[in-house]
Amino acid sequence: MNVKIEESWKSALAPEFDKDYFVRLTDFVRAEYLSGKQIYPAPANIFNAFNLCPLDRVKVVMIGQDPYHEPGQAHGLCFSVLPPTPVPPSLVNIYKEIENDLGRPSVTHGDLTHWAEQGVLMLNATLTVRAHAAASHVGRGWEQFTDAVIRTVATRENVVYMLWGSYAQRKAEFVDAQKNLILKSVHPSPLSAHRGFFGNHHFSRANEYLAAHGRAPIEW
């Protein structure tokens, strides 16, 4: 299949694109967009996380679950929204931890493109969703595809995995902790952030690890 995705990812993930599950997934997603229903993100942004962060540039992996499902939010990067959309609550808490951890404010908008361009793979487990219907594209094949993405990254070494919440932690169970840095905490959601997200120092720890392995730190 001719999947429009950044070339290094297209090469690495080529075996997935001809598998039966991916053919069924593609047919389903195409039908959803053509049905007249509102589907997020826009088609051009489905693979935004990959297009902004080629495989050989991946330094950090963040794993989200489902794209935002309200207007003006999802654009293909987990946790990220484009201005003028207000910063979502989980991202507000991420910014609070950055400020506490690094001693300086982060940006005030919700667009995390600048992280992706520095080597942060901002991957949702499911890459599309129907408007106003969280998890509406769950179980259609995206999870199998994004498992393959994590396995692909896991063949590399000295990558930082930021795994917030039990779902993200399960998603990266096949990552070798001896060859990478795996950072775990509760999710930054307002429902859980006070139970261990605040004070986890993941951003400074990630940068210290990257620097120790000869890689440029992320400008959070």
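The table below gives the values:
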read-out: Matching helices (runs of 4 or more DSSP H) fully within region 37-131 where at least 1 residues are closer than 27 Å to Phe22 by Cβ and open to solvent by less than 10 Å² (accessible area, probe 1.4 Å); value: 48-52, 113-116
read-out: Checklist (1) in contact with a strand residue (DSSP E or B) (Cβ under 7 Å, 6 or more places away or on another chain); (2) of a type in the set (D, E, K, R); (3) closer than 29 Å to Ser8 by Cβ applied to Asp56, failing item; value: (1)
read-out: Matching residues in region 149-164 - criterion: being touching a Phe, Trp or Tyr at 6+ places or on another chain (Cβ under 9 Å) and either small (Gly, Ala, Ser) or buried (at least 18 other Cβ atoms within 10 Å of the Cβ) (or both); value: Val149, Ile150, Val153, Ala154, Val160, Met162, Trp164
read-out: Filtered residue count, region 87-122, keeping only those that are over 17 Å from His202 (Cα atoms) and of a type in the set (Asp, Glu); value: 2
read-out: Verdict on Gln178 being open to solvent by 30 Å² or more (accessible area, probe 1.4 Å), under 14 Å from the mean Cα position of the chain (by Cα) and not aromatic (Phe, Trp, Tyr); value: no
read-out: All positions within region 138-148 that are open to solvent by 40 Å² or more (accessible area, probe 1.4 Å) and touching a strand residue (DSSP E or B) at 6+ places or on another chain (Cβ under 7 Å); value: none
read-out: Single residue of Arg30, Arg24 found to be over 14 Å from Phe145 (Cβ atoms), at pLDDT 95 or above and either open to solvent by less than 80 Å² (accessible area, probe 1.4 Å) or out of contact with any Asp or Glu (no Cβ under 6 Å at 6 or more places or on another chain) (or both); value: Arg30
read-out: Pair list, Cβ < 6 Å and 6+ apart or interchain, from region 191-215 residues that are closer than 18 Å to Arg156 by Cα to residues that are of a type in the set (A, V, I, L, M, F, W, C); value: Ala206/Val60; Ala206/Val160; Tyr209/Val160; Tyr209/Leu181
read-out: Residue check for Ala135: within 29 Å of Ser8 (Cβ to Cβ), surrounded by fewer than 17 Cβ atoms within 10 Å (Cβ to Cβ) and modelled with pLDDT of 95 or more; value: no
read-out: Close pairs (7 angstrom Cβ cut-off, 6 or more residues apart or separate chains): modelled with pLDDT of 95 or more in region 139-151, surrounded by fewer than 18 Cβ atoms within 10 Å (Cβ to Cβ) and assigned to a helix (DSSP H, G or I) anywhere; value: Arg140/Phe28; Gly141/Tyr21; Gly141/Arg24; Gln144/Tyr21
read-out: Complete set of residues in region 201-218 that are closer than 20 Å to Val107 by Cβ and either part of a loop (DSSP other than H, G, I, E, B) or open to solvent by 60 Å² or more (accessible area, probe 1.4 Å) (or both); value: His201, Ala216, Pro217, Ile218
read-out: Per-region count, region 172-191, residues under 20 Å from Ala125 (Cα atoms), assigned to a loop (DSSP other than H, G, I, E, B) and either modelled with pLDDT of 95 or more or of a type in the set (Lys, Arg) (or both); value: 6
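The values are calculated or read from the model by the stated rules, or taken from the named source; none is laboratory data. These figures come from a predicted structure and were not determined experimentally. Note that we place each Cβ from the backbone using ideal geometry, even for glycine, and neighbour counts take in every protein chain shown. Ligands, DNA and RNA are excluded from the accessible area calculation, which covers all protein heavy atoms including side chains. Shrake-Rupley method; radii C 1.70, N 1.55, O 1.52, S 1.80 Å.
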